[in-house]
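The values are calculated or read from the model by the stated rules, or taken from the named source; none is laboratory data. Here the structure is a predicted model, which means the values were calculated and not measured. Cβ placement follows ideal geometry from the backbone for every residue including glycine, while neighbour counts extend to all protein chains displayed. Only protein heavy atoms, including side chains, enter the accessible area calculation; ligands, DNA and RNA are left aside. Shrake-Rupley method; radii C 1.70, N 1.55, O 1.52, S 1.80 Å.
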Amino acid sequence: MLSNATVWALVVLLQSSIVPRGSRSEVFNQILQVFLWLGTAVGVVVIAYMCWKAYKYRASGGHVDESAVDRPDLGELPQGSGGGRKLFVSFSMSAIIVVSLIAWTYGTLLFVEESPSVEETGGDELVIEVVGSQFMWTFVYPNGHESRTLRAPVDREVKLRVTSADVFHNFGVPGLRVKTDAIPGQQTDTWFRAEETGTHTAHCYELCGSGHSYMDAEVRIMEQQAYEEWYSNTTPSNATATPSGDGASDHGRLRLPTGVNA
Amino acid sequence: MSDDEATRPDGGASDGHAQADGGSAEAAGNPVTPEVPAVDHDTGGFFETDGLPDSASIKRWLVTTNHKDVGILYLATSLFFLVFGGVLALLMRIQLWVPRAAGEGILGPVAYNQAVSAHGLLMVFWFLSPFAFGFANYIVPLQIGAKDLAFPRLNALSYWLYLFSGLLYGVSFFQGSAFSGGWTMYAPLSVPSFLPSIGATTSVLALVLFVASVTIGSVNFLTTMHRMRAKGLSIRDLPLFTWTILLTVWMMLFAFAALLAALMILSSDRLLGTTYFAQTNDAGSMLWTHLFWFFGHPEVYIVFFPALGVMAETFQTFTGRRIVGRKWFIGAMILVALQSFGVWMHHMFLTSINLQAKTLFMATTIGISLPFDLMVFALIYTLVKGDIRFKTPFLFSFGALVLFIVGGITGVFLGAVVLDYEFRGTYWVVAHFHYVMVGGVTALVGGLYYWFPKITGRMYDEFLGKVHFAMYFVGFNLLYFPMFVVWETPRRVFAYQSSFAPWHQIATIGGFLLGSSFLVMFYNLYRSVWDGEIASDNPWEYASTAEWTIPSPPPLENFPGIPDYTDGHLSFRDDSADAAADGGVVDTASGGGELAHETGHEDHHVSHASIWPFVVGVGSFLTLLGASGFRNGSLVDGGMGGVYLGLLLTGAVVTLGSLVAMTVEPFHGPDVTHSEKWPFDGVENTKLGMWIFLASDVVLFGAFIGSYAFVRVAYGWQDWHHLIPAAHVPLPGLINTYLLLTSSFSVVVAMVAAQKEKKGWLLGSLVTTFVLGVAFLVNKALEWQHLFHVHSEAFPQGWDLSTNIASSTFYLTTGLHGAHVAVGLLITLYMIVRAARGAYLGNDEPIEYFGLYWHFVDIVWLFLFPLFYIL
């Protein structure tokens, strides 16, 4: 139901620099800043206005000419007082702010949802599978190597394909602003690009049982060179490396989703 | 109306209002209220009529069906659960004082998860809604001018099921461990292979019982509000609090039916061993999130709307201004209520739903936030030109609006999907929804102070009320605001980044301040009930709704006459005379009018006390406690198994017996001769109640059929056939289709026979219906027996409930239908016995209402048969 004008406006937004792009951290921080400033401003204005009016029209304030005001009457059929226009103006203003803010972020959503293009990934896509299980994360590399630590090269798009071997988990690395649900029998995709080398911690963000508080993993962002070196020395993990009892058989062999919005 | 206002001297003196209202006083009959005698303030002021014992005796509270008594019971019980849930929250806050290693602190990991889950469930289900419904019970009939709810005993039943469901949840803590999978109960963590304790099952069953209570309550409130308004009070003219309750109850009716479906499936997975949510079902996790959030999002408005209603009422009263843009306010609420069923996937932005779905639900989410902007502005502009008195109720309402604004703005953050991706599962979400939900609680606490003088006949202590507000408001913000600051803390963990500790410590201190503020309230209200200043009928200047025109507390029969708004102002007409002789009132020739009219005379000597709702509550409690001893279709091992079985059987006997006793007991609902009933003029109360109940049942079956379709599509619609043995043929289903259709016909014959007063035909057709229904069940039993013991290459172990997802959906969905048939047969049996004694002749309504149910059950089968036998 989008009119042409709206589509056009969206295209302009997408192509212009108004829409935040870059790494996920940059995008998130830019948008959050704008929301925080605007949200605070709106909140302060509205609450201040409300307190001011409440103070001004306090019972002992004497700001109202009582003979000119029509007070409610016990037992009357409920009715309203006028003021519809003022109400509508304020409502429209708030609607414009909210809708434009969300439309603005929608451009970024489209950007975030796009899979990294070939130019961006340098031809070979790096896809790492992430498997959640009570209460640990297992990372499976393209060559079948499994690890408890997520190693990834700096300055390169890394695609994560996330699922769970038992219950509903949620994989998130706050330092990289990447997060997605880990659902048994389903696969969710997300990506990140780290700008600096260093270490981050991944957490589980969905209650998954008694060990939920400690379901963390180390994320190590390495120089590209170092990563390649490390990667070339890895070998496919065989079935004897059982990470987690029962669920282990699923590791490395992801149970792919069977048709629901994959 | 405006003419009256113009002539009225605006003195502004508090109680002189009615008298000063010269213009309309005579016609309105308004000033009769001060003369209404016999309010005995010394004994708490409750009347002793209608066969109810004195309010000082415990028995009174066990047998009462009066809406005001039930309202008080709801309020008291919900406050108990507030303390229960609150203590759990404080335990959590103590645990969060510093980041803990496993086993450190006062709560172990499993105990912490139990506290998290129980806190959420108790506060949302057992505190918030019932607290609001305490007011709804007490105030709504007064505001619409009804003597009581349409079905007073069902109202008492709602309460007792609510209380016993809460007690059942309490018991679950002592059965190993209560449910510990979070209040959202995500699958597959919720199934026994991950949460094996019996207590977890009991918690789920407690919720089922709670939903039963809510459904009965919804049917009752909807019938009441649609059929029992005072003359001249159209739906459009309802006071805003009643409006919010009306919309809340409509949302409840449908949303809780979806939750009931989800909980029944979960219970079946836990008790009978079906595999909907098992890890082996690839679509199970997503199925749960869809079902849960389809309920869960309307639930947000279900708990918030009554608070909005309290805000609207108190703003109008304490500013002395009618609300700005009333029509828009109501329109906005209706929009929200409708739209609330179309936003659920915004809780699932990070699941495997696709971009199109995300975009759509982002749009509907923004759409639903906008009407709230309008409502907030309407409340704010109502302040302008007010005569604002900062009494305790207004302070709480005003504070609630401030908190709601903060909650709303931080909610817009979550509507931006890119931000939501990062906020998901963090304290941002926790802080946001506590600002909204506990913001709502704030307004409801205001409501408690507002209506306290009406309910008890005494004033609370204003100074202590203000102290409560100050502690509450400061404590609230100390508790929840720091959560925005350290939003990166993951939810439901107690090991967090140590640099966050100072903020969490502030939050903990705030939590204790907030909690202790309630001690002030309890002290204040407790003292005031006994020693408070006597409250007048209307202690609040500018209050305008009907509850303030009658004594505080109101007498059992509520009004001194028949409430009437025909001339734009509430008046009470004489109801002592025969209604026919009551010249002033034009009797609408409504369908059920005569029936209700007839019973109206008996009103005075028929007892309004009934012990059976209480006994049904006890029976359900025992039944479900016994049921919790099952796992995968068999009893738990050891001696406890026998105990559970005994509880189950005892409970079943008690429940069934008391239901029969309740049906046999003579009892008459309130008279509706003089009410406004649009758009249900031609429908009798019980019939409307049946229709409304069936509407919720449609959603229940819809959710079951939807679940079936969802898992089947996920599995592969055609591949599904591999999960079903060749022995599963359409023939038994086809036979059953014919059996049911014939039985529907025989019910119609029974109805006609009753109309024509032909006893033989009536009995014959009822017995035919019964026999056909029994044949349906026997045929089904034979079919199931056969399938259970299939021996084929693909199914060497037979094809039972837990064989695979196809068998689970087949047995559970058709089983739910079979249970409906069984219930229908019990009713038929009861009717056969009564018909044999000469009942129903010339009075076919009961058979008609049963027919509605029976035809509905048939129609459901017409959907199930192709879905489970042919496609």
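Entry note, the stretch B:730-871: relative contact order of 35 percent, from Cα contacts under 8 Å with a spacing of 6+ residues.
Considering only B:689, B:160, B:740, the residue lying farthest towards the positive end of the dipole of chain B is B:740, judged by Cα position with unit charges set on Cβ. The residue list B:367, B:794, B:247 was ranked by how far each Cα lies along the charge dipole of chain B toward its positive end, using unit charges on Cβ atoms, and B:794 comes out on top.
For the segment B:559-567, counting C-beta atoms of other chains within 10 Å of every residue's C-beta and taking the mean gives 1.
Electrostatic bookkeeping for residue B:675 treats Lys and Arg as +1 and Asp and Glu as -1; over the other residues with beta carbon under 9 Å from its beta carbon, the sum is +2. Counting Cβ atoms of other protein chains within 10 Å of each residue's Cβ and taking the mean over peptide B:235-245 gives 1. Classified by the C-alpha gyration tensor, the stretch B:713-803 has a prolate form. Its axis ratio a/c, with a ≥ b ≥ c, is 1.5 or above, and a/b is larger than b/c. Along the axis of the charge dipole computed for the protein assembly as shown (Cβ charges of +1 for Lys and Arg, -1 for Asp and Glu, origin at the Cα centre), the listed residues B:777, B:195, B:656 are led at the positive end by B:195.
Quick check on the protein assembly as shown: helices-only [θ] at 222 nm, where DSSP H runs of length 4 and up contribute -39,500 (n - 2.57) each and the sum goes over total residues. Nearest 500, please. Don't skip to the answer; put the middle values down first.
Details: 31 runs with 634 residues, N = 1133.
After summing the helix terms and dividing by the residues of the protein assembly as shown, the value is -19500 deg cm²/dmol.
Put simply, when B:242-253, B:713-724 are sorted by average Cβ atoms within 10 angstrom per residue, most first, you get B:242-253, B:713-724.
Classification of the stretch B:682-870 by its C-alpha gyration tensor yields a prolate form. The axis ratio a/c (a ≥ b ≥ c) is 1.5 or more, and a/b outweighs b/c.
Looking at the protein assembly as shown, the accessible area is 36 square angstrom per residue; that uses a 1.4 Å probe and ignores ligands, DNA and RNA. Remark: relative contact order (chain B) = 16 percent; criterion is Cα-Cα distance under 8 angstrom and separation of 6 or more residues.
Assign one of three labels to the protein assembly as shown, namely rounded, prolate or oblate, based on the Cα gyration tensor with a ≥ b ≥ c the square roots of its eigenvalues; rounded applies when a/c is under 1.5, prolate when it is not and a/b is larger than b/c, and oblate otherwise. Spell out each step's value before the answer.
Working: a/c = 1.91, a/b = 1.21, b/c = 1.57.
Note, shape of the protein assembly as shown comes out oblate.
Each part reduced to its alpha carbon centroid, the stretch B:360-374 and the stretch B:512-575 end up 36 Å apart.
In summary, the lysines within cross-link reach of residue B:466, defined as a Cα separation below 17 angstrom excluding same-chain residues under 8 places away, comprise B:391. Placing +1 on the Cβ of every Lys and Arg and -1 on the Cβ of every Asp and Glu, with no other charges, gives the stretch A:122-250 a dipole of roughly 160 debye about its Cα centre. Taken residue by residue and averaged, Cβ atoms of other chains lying within 10 Å of the Cβ of B:185-195 number 4. Here the dipole of the protein assembly as shown is about 1420 debye; that uses its Cα centre as origin and unit charges on the Cβ of Lys and Arg (positive) and Asp and Glu (negative). Determine which residues of the stretch B:321-362 fall in the zone a paramagnetic label at residue A:79 would reach in this model, i.e. backbone nitrogen under 19 Å from the point 7 Å along Cα→Cβ. B:321-331, by backbone N distance to the label point. For the pair the stretch B:281-306 / the stretch B:62-113, the C-alpha centres are spaced 23 Å from each other. Excluding same-chain neighbours fewer than eight residues apart, the lysines reachable from residue A:86 by a Cα-Cα span under 22 Å are A:53, A:56, B:327, B:385. What you get for chain B, charging only the Cβ of Lys and Arg (+1) and of Asp and Glu (-1), is a dipole of about 2500 debye around the Cα centre.
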